[in-house]
Amino acid sequence: MNLLSSHDQARALHVFGWHDDTRDAAATTLAKQRLKLAVLFQMVYPGAPSVYYGDEVGLTGGDDPFDRATYPWADEGGRPDLALLAEFKKLIRLRNDHAVLRRGSVDAPLLADAHVLVLLRRLGDTWAVTATNNAEVARTVTVVLPAGAPLGVWRDALAPGGADVTQQGLRLVVPALGGRVLISPQ
């Protein structure tokens with residue numbers, strides 16, 4: 001079970017830097033971007049992702065009892081973050097749409113440094129490369145895929161376009177505080 005928040009710990013958004021009394025818009029934006037990156041990783045990594053109620057709409061909360069705040073229902077005066085909710089839905093749909101992200105094998109990382117983690121997932125004839133970047137600037141990386149990896153353009157499941165896999169490997173730009181999910185051609 002892959003958790004980012006629970007009733008026993010401070011909520012992820014709080015840990016990432018946004019507290020109920022935060023007035024700095026940049027700090028709020030950064031905390032939400034970090035949360036989106038964490039959810040992306042949660043959805044592409046093996047295991048059973050679990051979203052603690054309210055995280056998907058930007059509920060904050062520190063240590064007990066503040067991690068157990070009530071859901072911010074709009075009709076009750078709350079202000080759920082609908083843009084954040086849409087991003088959560090997109091990332092959950094990504095996992096649901098690609099069996100390789102739910103049940104595919106995962107080997108040692110193709111690349112792991114202080115900012116970028118690139119993983120390879122396989123399920124039958126379908127391959128996926130997931131790359132996450134926790135730096136506040138985009139990173140360009142090159143990885144060599146194992147023998148048998150399909151050559152050609154792999155589709156980016158998160159954004160329009162893709163990346164070309166050649167015998168020399170895969171070169172990709174991983175966005176700042178973001179990621180890429182490439183799916184092999186069928």
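Show me the strands (runs of 3 or more DSSP E) entirely contained within the range 70-186 in which 3 or more residues are farther than 19 Å from Arg34 by Cα and not β-branched (Val, Ile, Thr).
Here the list reads 116-123, 152-156, 162-166, 169-174.
Output the residues belonging to the range 133-148 that are closer than 13 Å to Arg122 by Cα and touching a Leu at 6+ places or on another chain (Cβ under 8 Å).
Residues satisfying the conditions are Leu145, Pro146.
If you check Val141 against the conditions, is it surrounded by 17 or more Cβ atoms within 10 Å (Cβ to Cβ), touching a Ser or Thr at 6+ places or on another chain (Cβ under 8 Å) and not assigned by TED's automatic domain parsing to the domain that holds Leu35?
When the stated conditions are applied, Val141 does not pass them.
So, in the range 66-88, exactly how many residues are β-branched (Val, Ile, Thr) and either within 26 Å of Leu117 (Cβ to Cβ) or at pLDDT 95 or above (or both)?
Adding up the residues that qualify gives 0.
Residue pairs, Cβ under 7 Å, 6 or more apart or interchain, first in the range 91-111 and of a type in the set (Asp, Glu), second at pLDDT 95 or above. List them.
Final answer for the pair search is Asp107/Leu120.
Listed here are the residues, each with its yes/no results for (1) under 18 Å from the mean Cα position of the chain (by Cα); (2) at pLDDT below 95.
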residue	(1), (2)
Gly17	yes, yes
Ala38	yes, no
Met43	yes, no
Tyr53	yes, no
Asp64	no, yes
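Looking at the range 69-84, which of its residues are surrounded by 14 or more Cβ atoms within 10 Å (Cβ to Cβ) and in contact (Cβ under 8 Å) with a residue 24 or more places away in the chain?
Filtering the range 69-84 down to residues surrounded by 14 or more Cβ atoms within 10 Å (Cβ to Cβ) leaves 69, 72, 78, 80-81, 84.
Result: Asp81, Leu84.
Condition check ((1) farther than 24 Å from Arg171 by Cβ; (2) acidic (Asp, Glu); (3) within 18 Å of the chain's Cα centre (by Cα)) across all residues:
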position	(1), (2), (3)
Val57	yes, no, yes
Thr60	yes, no, no
Thr70	yes, no, no
Pro80	yes, no, no
Leu85	yes, no, yes
Lys90	yes, no, yes
Asn96	yes, no, yes
Pro109	no, no, yes
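Of all the residues that make up the range 138-153, how many are of a type outside the set (Gly, Ala, Ser) and closer than 14 Å to Val174 by Cβ?
Residues meeting the conditions: 5.
Scan (1) part of a loop (DSSP other than H, G, I, E, B); (2) in contact with a Ser or Thr (Cβ under 9 Å, 6 or more places away or on another chain); (3) under 30 Å from Ala128 (Cα atoms) for the single condition Leu59 breaks and write down its number.
All conditions pass for Leu59, except number (3).
Taking the conditions exactly as written (in contact (Cβ under 8 Å) with a residue 12 or more places away in the chain, under 18 Å from the mean Cα position of the chain (by Cα) and in the same structural domain as Lys32 (by TED's automatic domain parsing)), does Leu117 satisfy them or not?
no
Quick grid of which residues meet (1) outside the structural domain of Thr130 (by TED's automatic domain parsing); (2) buried (at least 16 other Cβ atoms within 10 Å of the Cβ); (3) assigned to a helix (DSSP H, G or I):
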site: Asp8; (1), (2), (3): yes, no, no
site: Leu13; (1), (2), (3): yes, yes, yes
site: Trp18; (1), (2), (3): yes, yes, no
site: Ala26; (1), (2), (3): yes, no, yes
site: Lys32; (1), (2), (3): yes, yes, yes
site: Leu40; (1), (2), (3): yes, yes, yes
site: Pro46; (1), (2), (3): yes, no, no
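The values are calculated or read from the model by the stated rules, or taken from the named source; none is laboratory data. None of the values given here were measured: they were computed from a predicted structure. For neighbour counting, all protein chains shown are included, and Cβ atoms are generated from backbone atoms with ideal geometry for every residue, glycine included.
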